[in-house]
Amino acid sequence: MKLSIIIPYYKTYELTKRLLEVLKPQLNEETEVLIVNNSDGTNFNDNHIKTLYCESNGTASRPRNVGLDNAKGEYIVFIDSDDLVSKDYIEKILNKIDSSNFSYCFFSWQFLNCKHKIIIEDYPPQWNCSVWNCIYKRETIGDNRFNETMRIAEDYDFNVRVRKGKKANIEQVLYFYNDSRKGSIMNG
């Protein structure tokens, strides 16, 4: 397995369904999607998609950790369940994995509603410490996990510990951040 996609899910059924409509056609035997549900009994199981469950603690850290503990891929990416990805998200990531040896790799992203693009030529802006704009080599993550006591900045804490070694970049926009959803951890 080359790539594991970890999606923490919390009461975003319609948005997650929309995300999966984009992801499903891209999935193949080299990829798996782990949706870690910590809100209800919703099941998204399908070819290459597995639903896991965990108790909610009000953060994305616990489901991300459950995903990491169950992932089989040599590389790991994270997608928030209310966001979207490009129609060639997996293809671009697998091509980068095949053509470059890296410990972590940034890719560009865009705000979904205002269409503002963040093109990553080297490093993301300092204010963006998210895990969803990066491909991580599993070996680089090792035994590191997200701090489950942190409600915000858990991404930053995780990244300080795992973004080490050889860096790479994909300048194309692969991720679309939903900057307007009420009820998200960031928007209250």
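Each reported figure results from applying straightforward, stated rules to the coordinates on display, with no laboratory input. Keep in mind the model is a prediction, meaning the values are calculated, not measured. Quick reminder, even Gly has a Cβ in these numbers, built from the backbone with ideal geometry, and neighbours come from all protein chains shown.
Centre-to-centre, using Cα atoms only, region 1-56 and region 107-133 are separated by 23 Å. The magnitude of the dipole of the chain, with charges of +1 and -1 set on the Cβ of Lys/Arg and Asp/Glu and taken from the Cα centre, is near 220 debye.
Taking other residues whose beta carbon is less than 13 angstrom from the beta carbon of residue 44, and scoring Lys, Arg as +1 and Asp, Glu as -1, yields -1. Straight Cα distances below 14 angstrom link residue 166 to the aspartates and glutamates 122, 139, with same-chain residues fewer than 8 positions distant left out.
Per residue of the chain, the DSSP helices (runs of n ≥ 4 H) give a summed -39500 (n - 2.57) that works out to -7000 deg cm²/dmol at 222 nm. Each of 136, 159, 4 was scored by the projection of its Cα onto the charge dipole of region 3-177, and the greatest displacement toward the positive side belongs to 159; charges sit on the C-beta of Lys, Arg, Asp and Glu. Taken along the Cα-to-beta-carbon direction at a fixed 7 Å, the label points for residue 24 and residue 100 span 3.2 nm.
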